[in-house]
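Right, one structure below, let's go through it.
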Amino acid sequence: MTNIRYVRKNKPTNKLRKYLVVVVILLLVFYVYYLRAVHANSDGVGLVEININPGDSSYEIGEKLRQAELIRSVWAFELYTWRRNLDDRFQIGSYDLTRGDDLVFYVDSLTRSPDARHERDITLIEGWSVLDLGRYLEHEGLAETKEVLAVTGEPGQFYGRISPGRPTDYSGDYDFLRSKPSKVGLEGYVFPDTYRIYSDASLDDVIRRALDNFDAKLTTQMRADIKASDYSIHEIVTLASIIEKEVQSQVDKKIVAGIFYNRLNAGIGLQADSTVNYVTGKSVTRASLDDTAVDSPYNTYKYRGLPPGPISSPGIDSIIAAIYPADTIYFYFLTTPDGRVIYGQDFEQHVANKQRYLR
């Protein structure tokens, strides 16, 4: 009889597990340090002259910036330029750089011709849609609306009515976009803020500045807390975009977030007028019965759960509210003509509130 020997596979030892945990922690620390080094504003004020000479390597350029106290880390500078394929795009010349900006801005400055360094500010408003963004950038002479929508994707309000091309895929550079369905555009992710750009900035430059800002605002702790929840980053941003359009104060945002979660958990439609406005293109405070009957997956009166994607660009307060909602007993709310938010625990109380405050 042939003797068959069974060899037991060794399970990973505790030592190996500890080693892997240490490696993961070190990688997280490295990533956090890198993000802070890239997005940290330099200290001080005033102009600093930086000269880029023929043959200067990215390390030498980074060292000049570090010695001028414009950046904190040369290796972060080198890693950033390598990830963006900018190592060989530094322009020879003399640059007057202003203290107080971040590494991203300085790299942008040094990879442009010195003759093209006229600066300007653009302001992207909280609650804007990509259509609003397109119209604004066209008004500012930076890009035509159709060019913007070709990059960001068509607004979700046209979902099913047109057949747009695929939006530009930035998920390889920004991991927070990876939970977003590929057919859904950048609605909700072009972070609202004021940006200093060059007058010859490309549309890609503008979009990346806003995505870089989103990446910095969504902290490591926030990402960890989202991962520990039952929702993806995309779903959180989608909910935050609705909160952004519904109420104004941080206190109300957190309570309304709690209400929306209560309704989601109970299988009740969100019934958010802002989602109906997104579909119809209107800006009414109360959607009509006809509007609430419009057939669109973004219509949260007609369809339960979250819509396919965001309806606006939420500010950081709305994102925080979606991640850290208030624990509330309410299921309903309304906004009075003077801007107060009134809450109701059940439908009967909500009806009474409407009769009292909206007559």
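What does the charge dipole of the chain about its Cα centre add up to, to the nearest 20 debye, if the Cβ of each Lys and Arg holds +1 and the Cβ of each Asp and Glu holds -1?
Charge dipole of the chain: 2080 debye, to the nearest 20.
Set the Förster radius R0 to 35 Å, insert the Cβ-Cβ distance between D327 and W82 as r into 1/(1 + (r/R0)^6), and round the FRET efficiency to 0.05.
Numbers: r = 45 Å, r/R0 = 1.29.
It comes to 0.20.
Would you be so kind as to identify which of S129, N14, I329 lies farthest towards the positive end of the dipole of the chain, taking Lys and Arg as +1 and Asp and Glu as -1 on Cβ and the Cα centre as origin?
The residue sitting farthest along the positive end of the dipole is N14.
Percent relative contact order of the stretch 219-316, based on C-alpha pairs within less than 8 angstrom and at least six residues apart? Write out the running numbers ahead of the final one.
Details: 118 pairs, mean separation 32.1, N = 98.
It comes to 33 percent, rounded to a whole number.
Which whole DSSP H helices in the chain pass both tests: a Cα extent of 27 Å or more along the axis and a mean Kyte-Doolittle value no lower than 0.5?
14-39
Mean separation of Cα pairs under 8 Å and 6+ residues apart, divided by the residue count of the chain: what relative contact order is that in percent?
14 percent.
Which length gain, in nm to one decimal place, applies between D204 and F347 when the Cα-Cα distance is subtracted from 0.36 nm times their residue separation?
Here the answer is 46.8 nm.
Restricting to Cα pairs below 8 Å that are 6+ residues apart, what does the relative contact order work out to for the stretch 119-217? Please round to a whole percent.
For the stretch 119-217, the relative contact order is 34 percent.
Taking the highest mean first, how do the peptides 294-304, 339-349 order by number of other beta carbon atoms within 10 angstrom per residue?
Peptide ranking by packing, descending: 294-304, 339-349.
What is the Cα centroid distance between the stretch 53-80 and the stretch 238-277, reported in whole angstrom?
Their Cα centres are 45 Å away from one another.
Under 10 Å from the Cβ of I243, count the other residues' Cβ atoms, weight Lys and Arg +1, Asp and Glu -1, and hand me the total.
Once positives and negatives cancel, what remains is -1.
Projecting each Cα onto the charge dipole of the stretch 186-335 (Lys/Arg +1, Asp/Glu -1 at the beta carbon, about the Cα centre), which of G188, S274, A257 comes out farthest on the positive side?
A257
Among (i) 35, 62, 4; (ii) 25, 47, 23, 4, 0; (iii) 17, 21, 16, 15, 11, 9, 6, 4, 1, which is the computed P(r) over Cα pairs in 20 Å bins from 0, in percent?
(ii)
Amide H neighbours of Y332 under 5 Å, at least 5 residues apart or on other chains, H built in the peptide plane: list them.
Under 5 Å from the amide H of Y332: G344.
Values in this text are rule-based calculations from the coordinates and carry no lab data. Since we're looking at a predicted model, the values are computed, not measured. Here the Cβ is made from the backbone with ideal geometry for all residues, glycine too, and neighbour counts use every protein chain on show.
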